[in-house]
Amino acid sequence: MKNLLSLSAITFSLLLAACGSSGDVGHKMDIAAADVPASVMSSFTTAYPTATDVRWEKETENNMLEFEATFKQEDGKSKSVEFNEAGTLIKGGD
């Protein structure tokens with residue numbers, strides 16, 4: 001009986017942990033430019049038409065999907081900007 005209670009408690013704890021991490025909060029993942037939504041890519045290329053060496057990351061923050069571009073500007077300096085899924089600039093604008 002004790003083993004059954006222990007097993008149930010462990011199973012319940014694992015289930016809670018799995019549910020709690022389903023939002024993947026704060027986890028950044030590198031993605032290809034082809035995987036960036038068109039709305040985000042359009043906003044980025046309009047705002048930074050001369051950007052080079054662009055790297056993209058996807059992250060869930062506060063249950064919202066965000067896309068971060070890290071790139072070189074025309075003057076050679078590195079810059080990072082973040083967009084929400086709709087293509088609105090949310091961090092790093094000029």
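Each reported figure results from applying straightforward, stated rules to the coordinates on display, with no laboratory input. Keep in mind it's a predicted model, so treat the numbers as computed, not measured. A quick note on method: Cβ atoms are made from the backbone with ideal geometry, for glycine too, and the neighbour counts reach across all protein chains shown.
Before moving on, here are some points about what is shown:
- Using only alpha-carbon positions in the range 24-91, the gyration tensor eigenvalues give semi-axes of 20, 12, 10 Å once each is multiplied by 5 and square-rooted (largest first).
- Amide N proximity, the range 74-94 versus residue 31 label position 7 Å along Cα-to-Cβ, cut-off under 14 Å: 82-88
- Whichever lysines have a C-alpha closer than 21 Å to that of residue 28, once near sequence neighbours (fewer than 8 apart) are set aside: 58, 72, 79, 91
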